[in-house]
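Data first, discussion second: the structure below is written as structure tokens.
The values are calculated or read from the model by the stated rules, or taken from the named source; none is laboratory data. On a predicted model such as this, the values are computed, not experimentally measured, just so you know. All Cβ positions, glycine included, derive from the backbone under ideal geometry; neighbour counts span all protein chains shown.
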Amino acid sequence: MDNDVVKLSQAADYAARQHSAQRRKGARAEPYVNHLTEVAAMLAEATDGADPVLVMGGLLHDTLEDTDATYEDLVARFGPEVAALVAEVTDDKSLPKDVRKRLQIEKTPSKSRRAKLLKIADKTSNLQSLMHSPPAGWTEERLRDYVVWAADVVRSCRGLNAKLEARFDAAYDTARRRFGA
Ligand code: ZN
């Protein structure tokens with residue numbers, strides 16, 4: 001791999017371009033890339049910068065699911081390890097939403113260490129944004145269901161990184177109290 005700083009900068013640039021037309025679901029409609037940089041920063045901090053592949057995976061984790069990027073694009077630009085990690089955390093969008101959510105709970109236990117860390121950071125970011133910018137039209141029940149589901153997915157990711165788990169738990173506790181889950 002080329003210099004890590006170069007690769008990381010290219011991953012941030014590519015993610016920002018690929019998601020440039022997308023906004024977060026929340027009422028504040030923040031640029032989607034804010035979610036990606038938040039996840040990447042959380043992963044970098046939790047691993048003290050020791051795992052550039054993981055941080056690149058954080059930046060790129062929604063490119064296959066939500067943009068026209070292909071697996072081959074990711075291999076060519078960022079190498080097979082990063083591409084495989086992104087593929088591991090990508091849902092099959094041809095399936096109905098409720099099935100995809102159930103599969104995340106069922107399949108996460110058999111995922112790689114990096115994929116599990118990415119899941120924790122992703123769910124933490126999502127809980128934080130539900131709290132400071134809940135999506136318009138989401139009922140209390142839907143918010144509660146999301147909080148419970150996020151904890152179900154993260155349950156099988158524990159025991160790998162205490163710092164990241166603590167951040168999830170803090171977001172989860174606040175969300176649980178806020179939405180009564
Ligand atoms: Zn995400």
Candidate set: segment 116-145, residues that are at pLDDT 95 or above and among the hydroxyl-bearing types (Ser, Thr, Tyr); chosen: the one farthest from the ligand (Cβ to nearest atom): THR124
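The rows are residues; the columns are (1) closer than 22 Å to ARG23 by Cβ; (2) basic (Lys, Arg).
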site	(1), (2)
ASP98	no, no
GLU106	no, no
ARG114	no, yes
LYS119	no, yes
SER125	yes, no
HIS132	yes, no
THR139	yes, no
ASP145	no, no
Within segment 40-82, can you find the residues that are within 22 Å of ALA21 (Cβ to Cβ) and in contact with a Gly (Cβ under 6 Å, 6 or more places away or on another chain)? ALA40
Answer yes if at least one residue in segment 121-131 is part of a helix (DSSP H, G or I), closer than 22 Å to GLY57 by Cα and of a type in the set (Asp, Glu), and no otherwise. yes
Out of (1) touching a residue at least 60 places away in the same chain (Cβ under 8 Å); (2) among the polar types (S, T, N, Q); (3) more than 14 Å from the ligand (Cβ to nearest atom), what's the single condition that is false for SER112? (1)
In this structure, is GLU81 of a type in the set (D, E, K, R) and either in contact with a helix residue (DSSP H, G or I) (Cβ under 7 Å, 6 or more places away or on another chain) or surrounded by 20 or more Cβ atoms within 10 Å (Cβ to Cβ) (or both)? yes
Residue list for segment 46-87, filter: acidic (Asp, Glu) and touching a Leu at 6+ places or on another chain (Cβ under 8 Å): ASP51, ASP62
Hey, THR174 modelled with pLDDT under 95, of a type outside the set (Lys, Arg) and over 14 Å from the mean Cα position of the chain (by Cα) or not: no
Can ALA15 be described as among the small types (Gly, Ala, Ser), closer than 26 Å to ARG167 by Cα, within 16 Å of the ligand (Cβ to nearest atom) and crowded, with 17+ Cβ neighbours inside 10 Å? yes
Selected residue (only one of VAL99, VAL154, VAL147 is assigned to a helix (DSSP H, G or I), out of contact with any Leu (no Cβ under 6 Å at 6 or more places or on another chain) and surrounded by fewer than 14 Cβ atoms within 10 Å (Cβ to Cβ)): VAL99
Of all residues in segment 50-66, count the ones that are outside any helix (DSSP H, G or I) and either within 11 Å of the ligand (Cβ to nearest atom) or buried (at least 21 other Cβ atoms within 10 Å of the Cβ) (or both). 2
Do any residues in segment 158-180 that are assigned to a helix (DSSP H, G or I) have Cβ atoms under 8 Å from those of residues that are of a type in the set (Asp, Glu), where the two are at least six apart or on different chains, and which pairs are they? LYS163/GLU45; PHE179/GLU140
